[in-house]
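Just so it is clear, none of the values below were taken in a lab; they were calculated from the coordinates. All of these numbers come straight from a predicted model, not from anything done at the bench. Positions of Cβ are generated from backbone atoms using ideal geometry, with glycine treated the same way; all protein chains shown enter the neighbour counts.
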């Protein structure tokens with residue numbers, strides 16, 4: 001019985017020695033340039049997206065209003081959800097976001113859908129940074145205003161998407177309005 005256990009131990013030890021020696025030979029051949037290693041299309045072993053440091057924070061739409069117009073100071077003039085055909089539909093919103101190393105970047109995208117859910121306008125600026133700011137605050141409130149025109153009467157839905165690439169965060173708001 002002892003002889004059988006000794007054989008297994010010797011075989012295991014022999015296997016480990018062969019594995020270590022072959023690994024050492026391979027590493028030496030790679031180091032000297034005899035063998036080359038292709039690294040194309042290899043994912044990084046250390047992916048920074050999994051490290052939560054620097055990715056913490058908040059991104060939220062704090063207020064939203066449809067308006068008849070927006071003044072120079074981005075104040076909403078004439079809050080409403082009912083508009084006329086070919087009238088400018090203004091909207092204004094305030095985004096609260098955490099800064100990342102003293103910087104803020106916001107990307108604004110929005111879609112307008114008709115009553116059937118068909119997208120009639122897609123303002124997608126994926127690579128356009130709408131707002132870029134350096135600050136010494138930990139939190140910032142950013143006010144943004146936009147407008148568009150609708151030429152057909154009906155019930156519509158505005159889907160507002162705000163992204164902060166520094167934080168890796170995204171928030172969406174859906175609001176309804178009427179055009180008569």
One finds, for residue 122 and residue 82 with R0 = 22 angstrom and r their Cβ-Cβ distance, a FRET efficiency to the nearest 0.05 of 0.40
Between the Cα axis of helix 2-32 and the main Cα principal axis of the chain, the angle (0 to 90°, nearest 10) is 60 degrees
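Helix-derived [θ] at 222 nm for the chain: sum -39500 (n - 2.57) over DSSP H runs of at least 4, divide by residue count, nearest 500?
-6000 deg cm²/dmol
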Going from the fewest other Cβ atoms within 10 Å to the most, one would list 104, 85 as 85, 104
Here the convex hull volume per residue of the chain, taken over Cα atoms and given in Å³, is 251 Å³
